[in-house]
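Some notes on the structure that comes next.
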Amino acid sequence: MAVRVIEVAEFDLVVFGASGDLAHRKLLPALYHRDADGQMPDNARIIASARRDYSDDDYRDYARKALKEHVSDLDDAHLEKFLKRIRYVKIDIGTGEGFEDLKTVLEEREDVIRAFYLAVGPDLFGTICENLGKIAVVNTHSRVVMEKPIGKDGASAKALNATVGAVFNEDQIFRIDHYLGKETVQNLMALRFANALFEPLWNAAHIDHVQITVAESLGTGGRAGYYDTAGALRDMVQNHILQLLCLVAMEPPESMNADSVRDEKLKVLKALAPIGEHNADKLTVRGQYRAGASAGGAVPGYLEELGNDQSGTETFVALKAEIANWRWAGVPFYLRTGKRLAQRVSEIVVQFRPIPHSIFDEEAGAITANRLIIRLQPDEGVQMKVMIKDPGPGGMRLRQVPLDMSFAEAFKVRNPDAYERLIMDVIRGNQTLFMRRDEVDAAWAWIDPIQAAWAASKETPKGYTAGTWGPSASIALVERDGRTWAEDELV
């Protein structure tokens, strides 16, 4: 199947933190693929910035190595063409040295889109934006991209947004969540709003519960020091998981206009039933992995990776969330995320209610309720579990089978990485898949009381063995409602 590629306008993309892990693994490969597919105009430029003392050619060598490591279908001829787009400007963000050099490069071209990608720690976002304001390179064609986390709580998020907002207008600020760029996540909206099949059933009358799992098999590794200041609730739930919940639960927007979609997501966040000191012990579980086995070998526990014998930071969270509106009243949303779990997988499972009455006799077998499974990673696809008759003679025997759609098999094309879509949306100025400021505020308004309740309880996270599905308390969280985690799907 041919893929239609629409070229974007001329642009200069400035990547701060261009020698970091994000640029190395994600941004450079994404930009290469968009160029290889013919989406970039001939004179688009990538301006890399970091503290290293590189020349243009030095950074091109760095980029060449990164692309050879992370792009499987690399074309050598096109690689050299792509590398010619790259310029390098040495900037020390702390001292401000080098920003005038950036201004000189940018002012070589006035009437093009200027996008500033902040692929650095969030503590530097405000400083970079203030310096961009000082050198007067922000114009009506400018955008800024901020990676999560946006703050560490509601107060710090408001302060950061105020600092960035003093330089960029809200319609120029792109708060990126790469999960929203995944094809499967966007297909969730297509499934709901482009088909007559699902939307009439998408409510409490027909759906029993929803599970959202974002599981990682790796530990914190070299990020343990940073991770200990964040934890799973801030690192994953406040952004990735709540955004997925919003797309599952939101009302149909008026259109795919950015604000129409984000207005509906905001309503979901505001409708989340509060969790705080009065109920956090019943509705939340925190865990921290201990030494165990993963990928066929022994792995250390979190404290060993941290190099400390004590930490109250959670590496696993499970929550039971409820949405206080007519569509979802009484439907629990079970959310969980963690590191060093049994496998790396991200899935949304929509569990429908059982049929109200069976016309089949006992010999036909048990009837299992329908289940919609939307897999985000590692193998993106959509699966619907339905009941059918087992083929062959001998009477009516029922069996549950999957109606399975794998993107790789259905479309026979390379599945683009989320960053490819999102970077091009930044250039287009399309904010549909990016978080608005009031969304960030509403998410923190729900998360902060949970964090406060945990701090007040002084209970330490429950231990779980690396390579398992988390602490046993997370199983109890679901099973005391007569339900179970859909781990039979996680294979």
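Comparison of GLU322, GLU314, GLU362, GLU305 shows that the only residue that is open to solvent by 20 Å² or more (accessible area, probe 1.4 Å), closer than 17 Å to ASP235 by Cβ and either under 27 Å from the mean Cα position of the chain (by Cα) or not basic (Lys, Arg) (or both) is GLU305.
Of all the helices (runs of 4 or more DSSP H) wholly in the range 53-167, which have at least 1 residues that are among the hydroxyl-bearing types (Ser, Thr, Tyr) and touching a helix residue (DSSP H, G or I) at 6+ places or on another chain (Cβ under 7 Å)?
Filter on the range 53-167 gives 154-165.
VAL5 meets the conditions (1) under 19 Å from ILE113 (Cα atoms); (2) loosely packed, with under 14 Cβ neighbours inside 10 Å; (3) among the β-branched types (Val, Ile, Thr) in every case but one. The failed one is (1). Whenever a residue of the range 94-118 is of a type in the set (Val, Ile, Thr), its partners that are open to solvent by 50 Å² or more (accessible area, probe 1.4 Å) and not in a helix (DSSP H, G or I), lying with C-beta atoms within less than 9 angstrom and at least six residues away or across chains, give the pairs VAL105/ARG87; VAL112/ALA9; VAL112/GLU10; VAL112/ASN43; VAL112/HIS141; ILE113/ALA9; ILE113/GLU10; ILE113/HIS141.
For the range 1-50, a residue qualifies if it is under 25 Å from LYS90 (Cα atoms) and polar (S, T, N, Q), and the qualifying residues are SER19, ASN43, SER49. Is there a residue in the range 459-477 that is modelled with pLDDT of 85 or more, under 20 Å from the mean Cα position of the chain (by Cα), outside any loop (DSSP other than H, G, I, E, B) and not aliphatic (A, V, I, L, M)? No - not one qualifying residue is present in the range 459-477. Taking the range 436-458 as the range and being outside any helix (DSSP H, G or I) and in contact with a helix residue (DSSP H, G or I) (Cβ under 9 Å, 6 or more places away or on another chain) as the test, only ARG436 passes.
Any residue in the range 225-239 that is buried (at least 21 other Cβ atoms within 10 Å of the Cβ), closer than 25 Å to PRO378 by Cα, in contact (Cβ under 8 Å) with a residue 12 or more places away in the chain and acidic (Asp, Glu)? Within the range 225-239 (the criterion being buried (at least 21 other Cβ atoms within 10 Å of the Cβ), closer than 25 Å to PRO378 by Cα, in contact (Cβ under 8 Å) with a residue 12 or more places away in the chain and acidic (Asp, Glu)), the answer is yes, since at least one residue qualifies.
The conditions of being open to solvent by 80 Å² or more (accessible area, probe 1.4 Å), out of contact with any strand residue (DSSP E or B) (no Cβ under 7 Å at 6 or more places or on another chain) and farther than 22 Å from ASP417 by Cα are not met by ASP61.
A Cβ distance below 9 Å, combined with a sequence gap of six or more or placement on separate chains, defines the contacts here; from the range 171-197, residues that are under 22 Å from VAL237 (Cβ atoms) reach residues that are among the hydroxyl-bearing types (Ser, Thr, Tyr) and part of a helix (DSSP H, G or I) in the pairs ILE176/TYR419; HIS178/TYR419; GLY181/TYR419; VAL185/TYR179.
Checked against (1) touching a strand residue (DSSP E or B) at 6+ places or on another chain (Cβ under 9 Å); (2) under 24 Å from LEU118 (Cβ atoms); (3) open to solvent by 20 Å² or more (accessible area, probe 1.4 Å), SER156 meets all criteria but (1). Taken over the range 254-279, the criterion of being closer than 16 Å to ILE323 by Cα and either touching a helix residue (DSSP H, G or I) at 6+ places or on another chain (Cβ under 7 Å) or polar (S, T, N, Q) (or both) is satisfied by LYS265, LEU266, VAL268, LEU269, LYS270, LEU272, PRO274, ILE275, GLY276, ASN279.
The values are calculated or read from the model by the stated rules, or taken from the named source; none is laboratory data. Values in this document were obtained by computation on a predicted structure and should not be read as measured data. Neighbour counts run over all protein chains shown; Cβ positions are idealised from the backbone, glycine included. Areas reflect the complete protein model, heavy atoms only, side chains present, ligands, DNA and RNA absent. Shrake-Rupley method; radii C 1.70, N 1.55, O 1.52, S 1.80 Å.
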